[in-house]
1. Any chance you could get the radius of gyration and Dmax over the Cα atoms of the range 11-180, in Å?
2. When only C-alpha pairs under 8 Å and at least 6 residues apart count, what is the relative contact order of the chain, in percent?
3. Give or take rounding to whole Å, what are the principal axis extents of the alpha carbon atoms in the range 312-397, in descending order?
4. Using the beta-carbon distance between E64 and R18 and R0 = 25 Å, what value does 1/(1 + (r/R0)^6) give for FRET efficiency, to the nearest 0.05?
5. Relative contact order for the range 69-194: what is it in percent, counting Cα pairs under 8 Å that are at least 6 residues apart?
6. Where Rh is the Kirkwood radius over the Cα pairs of the chain, the temperature 4 °C and the viscosity 1.567 mPa s, what D in µm²/s does Stokes-Einstein return?
7. Please give the residues of the range 17-61, grouped as numeric ranges, whose backbone N is less than 15 Å from a label point set 7 Å along the Cα-to-Cβ vector of Y112.
8. Between the range 176-236 and the range 119-146, how many Å separate their Cα centres?
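Here, each number is a calculation from the coordinates, and none is a lab measurement. Everything numeric in this text was worked out from a predicted model, so none of it was measured. Note that each Cβ is placed from the backbone with ideal geometry, even for glycine, and that neighbours are counted across all protein chains shown.
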Amino acid sequence: MENFRLHIPTDIRFGKDRLGELPEALAPFGKKVLLTYGGGSIKQSGLYGKVLDLLVEGGFEVVELSGIEPNPRIESVREGARLIKEHQLDVILAVGGGSVVDASKVIAAAAYYDGDAWDLVLDSSKIGRAVPIVDILTLAATGTEMNSGAVISNLETKEKLGTGGLQLIPRVSFLDPTLTYTVSKWQTAAGTADMLSHLFEQYFNRTEGVDVQDSLAEGLMKTAIKHGPVAIKEPENYTARANLLWTSTLSLNGLVGRGRNGGWTCHAIEHELSAYYDITHGIGLAILTPRWMAFCLDNDSTTHAKFAAYGRNVWGISGNDDETVAREAVKKTYDFFKQDMEIPMTLPEVGIETKELVPEMSQHAVRNGGLDGNTFVPLSVRDVETIILNSFQEMTF
């Protein structure tokens, strides 16, 4: 296990009927609020009205930034920073899913930065002071409510990149499972795939002696696999929604990843798909992940033991031959996404029908993600091309 620092100052307010605590949670940071949110879903659900009533009753001054995109764009970040500067706002209240919180994080830093906000995405070392963030989460997926990271898209440059800093960790996060009841089947499936991918990216790693982190990861994987299909069938099942929401948070708050050394792979590849085609992030990850797993098994026998551990400890697969167990685990993963979560498992099904951009996307993935370096299995541009091209047709086992 490597040396690490883990600092998570977020005040988590988990459970139903906690919104009444919002004025008290915001008050220490000031009375002038930038309210950020996405489309119209929080208005349709009634959440927007409840939040606004609480803010007005609490004597808060509110400026709104709506329309933050599912793959949040730098234009929204720039506008949010402009509003904070113009109105001299004290705190950001982000209401929505991970995209709204991610955009709010970079807005928070850009408000104190004199240059263009995209600079902060390209170079996180430029992130300094940041406006405090409080969030009300409506989707279980990214874990951004309890970590320092954010991912922003720039459609002009066809880039989707991550950035982060300790100053961006939300100060207070309201996690109410009932607010996720109205999440569609599609977004529930995408969110479950996203949290599983976060766990895969950290778990499939070469660092030795991380038994605690591996055990946590395996337990969280089993929880997502158990409750994801229930939430699909019974969207108002509180137990399923609560477990998915907390799994999402714990999957990327540092508990699983700290103490490890190594980069991520599938996220870097999927970010290119989203940058070029603006597809749903979690769906892209679900499509790519089993192909990446199979590629690892086919091209590096040293991965068999780790995938076999995943098969035995998460899926309960028996057998003494590591490769056999590992390949069955990949099939279980693919079938879970396709059958249990009802995710379309080929790129043409999500609107990516031509292959002409595959070489360009592969080059960018290797460059931006450092995929030819310290990853579980280093990948060349040609390797990434193979994984993407394999995603154009159904897998066979």
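1. When restricted to Cα atoms, the range 11-180 yields Rg and Dmax of 14.6, 43 Å.
2. Value for the chain: 15 percent.
3. Largest to smallest, the principal-axis extents are 41, 32, 18 Å.
4. Working: r = 22 Å, r/R0 = 0.89.
Taking R0 as 25 Å, the efficiency between E64 and R18 is 0.65.
5. Here the relative contact order equals 27 percent.
6. Numbers: Rh = 21.3 Å.
In µm²/s, the coefficient is 61.
7. Flagged as within label range: 29-30.
8. Measuring centre to centre over Cα atoms gives 21 Å.
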